[in-house]
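The values are calculated or read from the model by the stated rules, or taken from the named source; none is laboratory data. Just so you know, these numbers come straight off a predicted model, no measurement behind them. Cβ placement follows ideal geometry from the backbone for every residue including glycine, while neighbour counts extend to all protein chains displayed.
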Amino acid sequence: MKKIKVLTVLMATSLLKAQVQINGGLTFGISNSNVMIDGSAGFSSQSGAGPYSGKGIIIPSVNLVNFQFNLTLAGGATFPTWFDGMIVYNNATGTTLTTGNRSSTAIVVTPGFYYFYNPNGASAGNVTGGQWKPIGGNSISIPAGNATTGSIIAINGQLSVAQQITIQMTSDFSMPPAAVPLMIGNLNREIVDNENRYSGTPTGNSFRVSANGVYEVSINAQLSTDNGSYPVIGLWDDTTGKWVTRVNDTFSAPTGGLQTYTLFCSVDLVTSDLYSFRMGNSMAGITIFNQSSGSSGAAPITQFSVKRVR
């Protein structure tokens, strides 16, 4: 009898100190149930516990920036899912590493709860195809290196910050008559250039896109030229020497007066080409105004924008 008591005490002490493997079949008697662990019986208000009573689960705290999986038991009876659904509390801020036994997708992480999404881990036999994703807080996981300012769009099932360039003029810009459209200068007040791919100078402008896709182009420009002439303004492909999209109309304001030209459309842009905003009028010179003004004051009027939408 004494030996049995001693053995019971030793087993209890061992359970208190050791890490317990639950998925191997540790069962305390919740039969006919989908629940593996239920700690609510004595520590919830539903079961009559007082307002100051209760117990919680402390999720392991890890540094996801440097975290690396130990794959010794992966793929077998212990971790057959290759850690799909694993939950941790991340205590670090930074970009996750991608070498070694880690996800090959680097993401920017901040302190909070994350789970490992690896639905194909079992069939692929790896963790590199998985990705850490935040839990709750309306958070989303954006791949590292992506812009942190801009609109969120979904591309092929992956969330991304859309490349966006929005610029205004810092002063009026005049150009002579030209059969070939000329670059618009003074477009150097950057409202948004979230991937640093735009360049504006007093005499010109240019930019590239970071990915092939569909981009929304919008232009609002107030200009002055000769009545009855035909100004053309839009987005030019410097690589092919052709318009990508443009608007042209008869200038109907009196010579020296003001008329606003507006363009709004979506076009395909590619990473291999260089683009610029241009304007031309073979019949007369043009002045583009950066502000509208009057007795009540002045405000920006001319703005150019390109934003990826797909």
**Q.** Residues being touching a residue at least 24 places away in the same chain (Cβ under 8 Å) and assigned to a strand (DSSP E or B) - total across segment 292-310
**A.** 8
Q: Working carefully through the options 83, 67, find the one that is in contact with a strand residue (DSSP E or B) (Cβ under 7 Å, 6 or more places away or on another chain), assigned to a loop (DSSP other than H, G, I, E, B) and modelled with pLDDT of 65 or more.
A: 83
(Q) Name the residue that is surrounded by the most Cβ atoms within 10 Å (Cβ to Cβ), counting only residues in segment 244-263 that are of a type outside the set (Ser, Thr, Tyr), in a strand (DSSP E or B) and over 32 Å from the mean Cα position of the chain (by Cα). (A) 259
Q) So how many residues does segment 111-165 have that are under 30 Å from residue 189 (Cβ atoms), of a type outside the set (A, V, I, L, M, F, W, C), at pLDDT 90 or above and assigned to a strand (DSSP E or B)? A) 1
Q: May I ask you to list the residues in segment 52-87 that are in contact with a Ser or Thr (Cβ under 8 Å, 6 or more places away or on another chain) and either in contact (Cβ under 8 Å) with a residue 40 or more places away in the chain or within 23 Å of residue 111 (Cβ to Cβ) (or both)?
A: 64, 65, 67
Q. Considering 272, 266, 282, which residue is outside any strand (DSSP E or B) and within 24 Å of the chain's Cα centre (by Cα)?
A. 272
Q: Would you confirm whether any residue within segment 156-176 is of a type in the set (Gly, Ala, Ser), touching a strand residue (DSSP E or B) at 6+ places or on another chain (Cβ under 7 Å), touching a residue at least 24 places away in the same chain (Cβ under 8 Å) and more than 25 Å from residue 257 (Cα to Cα)?
A: yes
Q) Looking at segment 174-189, which of the residues that are among the hydrophobic types (A, V, I, L, M, F, W, C) and in contact with a Ser or Thr (Cβ under 7 Å, 6 or more places away or on another chain) is modelled with the lowest pLDDT? A) 179
Q) Of the residues that sit in segment 218-228 and are assigned to a loop (DSSP other than H, G, I, E, B) and buried (at least 17 other Cβ atoms within 10 Å of the Cβ), which one is farthest from the chain's Cα centre (by Cα)? A) 226
Q. When residues of segment 182-199 are filtered for being more than 17 Å from residue 273 (Cα to Cα) and either free of Cβ contacts under 8 Å to residues at least 24 places away in the same chain or in a strand (DSSP E or B) (or both), how many remain?
A. 8
Q.
I'd like the residue in segment 200-217 that is of a type outside the set (A, V, I, L, M, F, W, C), assigned to a loop (DSSP other than H, G, I, E, B) and over 17 Å from residue 278 (Cα atoms) and, out of all such residues, is farthest from the chain's Cα centre (by Cα).
A. 212
Q: Scan segment 230-243 for residues that are within 16 Å of residue 205 (Cβ to Cβ), in a strand (DSSP E or B) and either charged (D, E, K, R) or touching a Ser or Thr at 6+ places or on another chain (Cβ under 7 Å) (or both) and jot them down.
A: 234, 235, 236, 237
Q: Taking residue 269 as the residue in question, decide whether it is among the aliphatic types (A, V, I, L, M), surrounded by 15 or more Cβ atoms within 10 Å (Cβ to Cβ) and modelled with pLDDT of 95 or more.
A: yes
